[in-house]
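Structure record follows, encoded as structure tokens.
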Amino acid sequence: MERVTMGRVFKCPVCGAEVMVVGAASEELDPHCCNTPMLPKPRVHEVYHCTHCGAEVAVVSGSAEHLDPYCCNDRMRRIA
């Protein structure tokens, strides 16, 4: 079983559906799709959080190398 962290992505080997963990209540997750265990993808997506309003955004494609997200007129904090 894959260790769960925020931003971890799992993919269904049957239909190709993908899910991303946005909140982990525990460190263990066993997602299934098409009655088959989903496989963890190697990349963990970057997740940012606004300390004022609680908004969260994740980079789902491309690179976050030059990303500098702002919310509520303040820089968002990277949490994953």
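Here volume of the Cα convex hull per residue in Å³ was computed from the coordinates, and among (i) 246; (ii) 100; (iii) 92 the match is (ii). Based on Cα contacts under 8 Å between residues 6+ apart, the chain shows a relative contact order of 28 percent. Near VAL19: Cβ cut-off under 11 Å, other residues only, Lys/Arg at +1 and Asp/Glu at -1. The net charge is +2.
Computed from the coordinates by the stated procedures, all read-outs in this text should not be read as laboratory data. All values derive from a computational prediction rather than experimental measurement. A quick note on method: Cβ atoms are made from the backbone with ideal geometry, for glycine too, and the neighbour counts reach across all protein chains shown.
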